[in-house]
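Step one of this worksheet: look at the structure below.
The values are calculated or read from the model by the stated rules, or taken from the named source; none is laboratory data. Everything numeric here is computed off the predicted structure, so don't read it as measured data. As a convention, Cβ positions derive from the backbone with ideal geometry for all residues, glycine included, and neighbour counts pool all protein chains shown. For accessibility, only protein heavy atoms count, side chains too; no ligands or nucleic acids. Shrake-Rupley method; radii C 1.70, N 1.55, O 1.52, S 1.80 Å.
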Amino acid sequence: MSMEAVSDEALIRSARAASNLAIARKDIDAIACHWMDNIHVLGSTSAQLAGAEANRSFYIAQFARRPDTVWVRTPSAVAVMQAWGMACEEGDWAGSWTEPQGPIELRGRYMAQWVRTEAGWRIQGELYVATAGAGDPPPPAKSASACPARR
């Protein structure tokens with residue numbers, strides 16, 4: 001691995017730590033500064049958000065309805081492709097908040113695609129999959145698939 005890739009990996013890990021801190025502080029601007037304008041997020045409840053404004057609105061609503069929200073992402077690996085200015089971050093995430101029916105605690109795996117921009121590394125996409133947790137689950141996702149159900 002080149003020294004440049006090691007340095008980029010450290011920058012991405014540092015950005016993720018800053019993002020975690022911004023979430024803990026409920027600082028929307030500090031959270032959003034890590035995103036590209038065209039960020040896409042597929043959340044653990046199958047919610048899909050396209051664009052920085054949609055994600056900003058999600059965080060504002062989440063913190064207003066559930067002020068005790070905590071999310072922490074812990075990277076286990078960051079792979080940088082220097083030639084294309086892209087990186088893949090993967091790791092574990094944990095989250096907790098309180099719903100009217102009681103507390104929710106989730107954890108799972110995540111993957112993020114980072115892109116090198118003139119302003120530094122920014123997140124273009126994130127995927128979160130819950131693998132364990134406690135509390136009432138969210139309602140099932142609604143499918144907009146054009147494929148008929150298999151029998």
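What is the sum of charges around Asp92, taking Lys and Arg as +1, Asp and Glu as -1, for the other residues whose C-beta is under 15 Å from the C-beta of Asp92?
+1
With unit charges on the beta carbons (Lys and Arg positive, Asp and Glu negative) and the dipole taken about the Cα centre of the range 1-113, which residue among Ser76, Trp35, Ala22 sits farthest to the positive side?
Of the listed residues, the answer is Ala22.
Within the set of other residues whose C-beta is less than 13 Å from the C-beta of Thr74, count the net charge using Lys and Arg as +1 and Asp and Glu as -1.
That sum, taken over residues with Cβ under 13 Å, equals +2.
So how exposed is Arg56, as accessible area in Å² (1.4 Å probe, rounded to 10)?
60
With +1 on each Lys and Arg Cβ and -1 on each Asp and Glu Cβ, how big is the dipole of the chain about its Cα centre, in debye rounded to the nearest 20? Before the final figure, lay out each step's value.
Values: 15 positive and 16 negative charges, 99 e Å.
About 480 debye.
Taking K and R as +1 and D and E as -1, what net charge do the other residues with C-beta under 13 Å from the C-beta of Arg109 add up to?
Computed value for this residue: -2.
To the nearest 10 degrees, how steep is helix 52-65 against the longest Cα principal axis of the chain, on a 0 to 90 scale?
50
With every protein chain left in place, what is the accessible area per residue of the chain in square angstrom, probe 1.4 Å?
I get 61 Å² per residue for the chain.
When the Kirkwood hydrodynamic radius is evaluated over all pairs of different C-alpha atoms of the range 11-75, what value in angstrom, to one decimal, is obtained?
The answer is 12.2 Å.
Taking just the C-alpha trace of the chain, give me its Rg and Dmax in Å.
16.4, 53
Hey, what number do you get for the chain at 222 nm if only DSSP H runs of n ≥ 4 count, each worth -39500 (n - 2.57), divided across all residues, to the nearest 500?
Using -39500 (n - 2.57) per qualifying helix, the result is -9000 deg cm²/dmol.
Count the DSSP beta bridges whose two residues both fall in the chain, then state the antiparallel fraction as a percent rounded to the nearest 5.
Roughly 90 percent of the beta bridges in the chain run antiparallel, per DSSP.
If you roll a 1.4 angstrom probe over the protein chains with everything in place, what fraction of the accessible area of the range 1-128 belongs to carbon and sulfur, to the nearest %?
Answer for the range 1-128 is 59 percent, counting heavy atoms of protein chains only.
Between Ala119, Ala32, Ala18, find the one with the highest GNM mean-square fluctuation for the chain; connect C-alpha pairs within less than 10 Å.
Maximum fluctuation in the GNM of the chain, among the listed residues, is at Ala119.
Label the range 39-110 by shape, choosing from rounded, prolate and oblate, from the square roots a ≥ b ≥ c of the eigenvalues of the Cα gyration tensor; if a/c is under 1.5 it is rounded, and otherwise prolate applies when a/b is larger than b/c, oblate when it is not. Each step should come with its number before you reach the end.
Values: a/c = 2.93, a/b = 1.63, b/c = 1.79.
Because a/c hits 1.5 or more and a/b fails to exceed b/c, the range 39-110 counts as oblate.
Give me the percent relative contact order of the range 1-134, please, defined on Cα pairs under 8 angstrom at least 6 residues apart.
About 23 percent, as a whole number.
How much accessible area does Ile123 have with a 1.4 Å probe, in Å² rounded to the nearest 10?
Ile123 exposes around 0 Å² with every protein chain in place.
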